[in-house]
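Shown next, in structure tokens, is the structure this report addresses.
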Amino acid sequence: MLSGLIQGGWTITGSWPIATEMGSRLRARDSAALATSVHLICRPRPADASIGDWGQVLRELPKRVADWMTRLQEEGVRGADLVFACIGPALEVFSRYSKVVDAEEREIPLGGDPESREPHKRGFLAYVWEVVGRAALEEVLGTAEAKARNGAAGALEEDARLTALFLWTLQATTQDAEPVSTPDDADVDAEPDVDDEDEAPSSKKKKKGLSLPFDVARRFAQPLGIHLDAWEGRCIETEKGVVRLIPVLDHADQLFGQDGAEAVADRLEKHRTGQVQLSLFSELNEPTPPRVKGRIPKSGAEVSDESLHKHRGATTLDHVHAAMLMQSAGRANALRALIRSETQRGPDFLRLANALSALYPKDSDEKRLLDAMLLAVPRK
């Protein structure tokens, strides 16, 4: 549609989200379904429109998107609505020209291969999603994370950036609105909304965890160098086109291994050093690793051997999850020892914990555990 508008001689000057969708409809439950319809504002492009320089367009794009994001957030627009409402202003810097070319006179298309490094093959929209993702990361995690790619120094690991972007995209458009959720053990059995033709009632039990359509998650992750398949079974699970954020309470076996959280907590309380060795995929540390059967305890996600080997080291997010599990188990002394050790190591632990506390839905177990865990942080 966007290509048709641009080729038809239109300049897209803006995009406004208008509240037209029912938040209680089935499609909106525990997902990032739009709460609005995004309306594109178009004007005829002058017949004598000039040819745009790709370098100039690329320099102008971040400021245009950042200004529009700020304005939309002031209007109460958030999450997936904000993401797609940034399309108009981003396309204005591209569609006002008859075409956009690089220094070698190669035309830059609207779409292309997001994996490519060459602009004339990658396409403009990939840069739009990258700019929106970086702006979101800078807002919730800081400048270092916004600039990070492929493990850049000074930034949190991929799983922290992925989780933060995931939760940011799930935010409700209005501050008073809360995500409509179904009780964890309830069967979903409701009449379909007559206005939603693509929806159908389901009698299956819903899995715990917040979810996003795969394509929405990919739009953020791919341009920012975050590999979704590398974190499959570790912090996300993908099934039938939906990416689910695995609940923290399902991470106990993954983090603490056969010893369990109680044994780790006992060691922390006994030695009071706070140095906890998380047992992530501990079976892979053996001299001759057995074949991984592809199933993480309790999470139920299929995991490749390569993924486990590459990311088996504990990350900052894993340590935050470990502290949340200590809080859940009521091991106050062990929790204080762990927090003391993490805060002495650097600011990343508390920075990430505070950011996630602001991002998780108010009625979620993770929000409750994070807030209670942060109360145990020593006050200076």
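Contact order, relative form, for region 85-160: 16 percent (alpha carbon pairs under 8 Å, 6 or more residues apart, mean separation divided by residue count).
Between Gln73 and Asp102, the C-beta separation translates, for a Förster distance of 35 Å, into a calculated FRET efficiency of about 0.60.
Within region 61-152, list the GluC sites (Glu not before Pro) lying in a DSSP loop whose Cβ has at most 11 other Cβ atoms in a 10 Å radius. Don't skip to the end; give the middle numbers.
Details: sites: Glu74, Glu75, Glu92, Glu104, Glu105, Glu107, Glu115, Glu130, Glu138, Glu139, Glu145; in loops: Glu75, Glu104, Glu105, Glu115.
Counting only loop positions with at most 11 other Cβ atoms within 10 Å, the GluC sites (Glu not before Pro) in region 61-152 are Glu104, Glu105, Glu115.
Using a cut-off of 32 Å between Cα atoms, the listed pairs Lys147/Lys367; Lys121/Lys362; Lys63/Lys99; Lys147/Lys362; Lys99/Lys240 include Lys121/Lys362; Lys99/Lys240 as exceeding that distance.
Any read-out appearing in this document is the output of simple, stated calculations on the displayed coordinates, not a laboratory observation. Everything numeric here is computed off the predicted structure, so don't read it as measured data. Because the Cβ atoms are built from the backbone with ideal geometry, glycine has one as well, and the counts that use them run over all protein chains shown.
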